[in-house]
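Only one structure is covered here, and it is reproduced in the block below.
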Amino acid sequence: MPTYKLKYFKNRGLAEPSRLVFAAAGVEYEDIRFDREQWQSEKESSSEKYPFGQMPVLEVDGEVISESKAIARYLANEFGLAGKTNLDKAKVDMVVDALQDIAKGLVEMLFGKDEAQKAEAKEKCLTKTIPTIFSALEKMLTSNNGGDGFFVGDSLTLADLAFIAHTDYHVDQLKEAATLSAFPKLTALRERVLEQPNIKKWIEARPKTEL
Amino acid sequence: MPQYRLMYFNIRARAETSRMIFAAAGVEYEDVRVAREQWPAEKASGKYPFGQMPCLEIDGKFTLAQSRAIGRYLANEYGLAGKDNLEKAKVDMVIYVCEDIYVGVRNIFFEKDETKKAEMKADFVVKADSILAALEKLLIANNGGNGYLVGDSLTWADLEFFVRMEYAPFFNAAILDQYPKLKALAERVSSVPEIAAWLKKRPKTDF
């Protein structure tokens, strides 16, 4: 087994899908978390370990991969959680990218330039972006053998794990909008994945962070 | 060979890399370009899983959405994705970094306010320089940088890079002069016979 080091901030954020892949696969890794000052000094002292000056990065036996989704997909491929055929893998990618579109909206809502822009982004997110994408995901899930299993194929993939990571925010912080509860199959999928022993164990053990 | 229909607007933007993958692989497909006026009716038809394009219809049976999912699927099918999981991850890394270039350029292109546009351009040049410097380093680390971005043959990372750098005139036409290996790579990509043929025959579009 190679040695894995995953480096990120003290958040779930962009690293959580990869942490969930490690958990689901039962694979050991070093879960390195920097605060802002540590990151500044890392960036300066070890810039070759951060090819694009950003985190997360994955170090695997001396190789460095950056870009959170490249890392998550690499790990999923290594551990058989990526989908079985090229088409299944593409369906997994489709889910992951669709969730990213919601995440973009949430980032604007939380970190927009000014209050007016944030309010506009919130309105758009809650009334358009999230319902549109969640509807499409509900449909996609349902079309996979009735939707009582997983997003793609007949076993857990990165699509389900990315969905869990992504909807933590919906459940914890977007409560007022009850955005997930309008979608029964998606809601049940989240509960089902969270009950998987390896996932449950990680969720209980992981550092509790706001984002 | 499956029947492919790639559906998008009549622009390069988010479908061009997939069109280049088809060209490089020598695979036939229907290059559907939906006119802006037709789009509302098309969207309402429910054919597009996320109400967006590009989409790739495969054998009339399944429609794949999300431009990078489409690109990666085609690259994997036709051997342009990287040879093993690690190469594929490096290819993906380049794809995501090039996305940052695309989004920056797209925002500039669609900005109507001239003052804001100039400001965005200035900011973006700084960002693009930092991305290109990192890509130049990555390329050089790959056996001296006289081949391709990842591994020892063309991958869709090289195609995506080429497609994004076609937008250089929107922020700094001569930017690649500072990055000689990347500049040579772009020229190398455009000289691949199947790519050169596509570049010659494709519809000419603004964006």
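Side notes on the structure shown:
- Per residue, the accessible area of the range A:67-140 comes to 45 Å² when a 1.4 Å probe rolls over the protein heavy atoms.
- Protein-only accessible surface order, largest first, of B:113, A:160 at 1.4 Å: B:113, A:160
- Using the Karplus relation 6.51 cos²θ - 1.76 cosθ + 1.60 with θ = phi - 60°, the per-residue 3J(HN,Hα) values for the range A:59-68 come to 9, 10, 6, x, 8, 10, 10, 10, 6, 4 Hz, with x marking Gly and Pro.
- Value of [θ]222 nm, deg cm²/dmol, for chain B, DSSP H segments ≥ 4, -39500 (n - 2.57) each, nearest 500: -17500 deg cm²/dmol
- When the residues A:181, A:47 are ordered by accessible surface, computed with a 1.4 Å probe over the protein chains alone, the sequence from largest down reads A:181, A:47.
- Applying the Karplus relation 6.51 cos²θ - 1.76 cosθ + 1.60 with θ = phi - 60° to the range A:76-83 yields 3J(HN,Hα) values of 4, 4, 4, 9, x, 10, 9, x Hz, where x marks Gly and Pro.
- Here the Karplus relation 6.51 cos²θ - 1.76 cosθ + 1.60, evaluated at θ = phi - 60°, turns the backbone of the range B:187-195 into coupling constants of 5, 4, 4, 5, 8, 4, x, 5, 6 Hz, with x for every Gly and Pro.
- When chains A and B come together, the accessible area they lose, probed at 1.4 Å and totalled over both chains, is close to 2600 Å².
- Accessible area per residue was computed with a 1.4 Å probe on protein heavy atoms; residue B:156 scores about 10 Å².
- Remark on the range B:1-80: hydrodynamic radius 12.7 angstrom, per the Kirkwood mean of 1/r across alpha carbon pairs.
- Three-way shape label, the protein assembly as shown, alpha-carbon gyration tensor, a/c 1.5: rounded
- Measuring between alpha carbons in the structure, the pairs from B:47/B:117; A:84/B:121; A:69/B:43; A:10/A:89 lying more than 32 angstrom apart are B:47/B:117; A:84/B:121.
- Chain lengthening between residue A:11 and residue A:154 when straightened (0.36 nm per residue, less Cα-Cα): 48.4 nm
- Share of carbon and sulfur in the accessible heavy-atom surface of the range A:100-211 [1.4 Å probe, %]: 56 percent
- Ellipsoid semi-axes in whole angstrom, largest first, where each is sqrt(5λ) of the Cα gyration tensor of chain B: 27, 23, 14
- Computed with a 1.4 Å probe on the full set of protein chains, the accessible area for residue A:61 sits at about 100 Å².
- Amide H to amide H, with H built 1.01 Å from N, residue A:179 comes under 5 Å of no residue 5 or more places away or on another chain.
- Computed with a 1.4 Å probe over protein heavy atoms only, the accessible surface of chain B comes to 44 Å² per residue.
- Over the range B:55-149, the ratio between the Cα radius of gyration and 2.2 N^0.38 Å evaluates to 1.37.
- Centroid-to-centroid, using Cα positions, the range A:105-148 and the range B:122-162 are 33 Å apart.
- Across peptide A:60-72, the average count of Cβ atoms from other chains found within 10 Å of a residue's Cβ is 4.
The values are calculated or read from the model by the stated rules, or taken from the named source; none is laboratory data. What you see is a predicted model; the values in this text were computed from it and never measured. Cβ sites come from the backbone with ideal geometry, for glycine too, and all protein chains shown count toward neighbours. Surface accessibility is based on the protein's heavy atoms, side chains included, excluding ligands, DNA and RNA. Shrake-Rupley method; radii C 1.70, N 1.55, O 1.52, S 1.80 Å.
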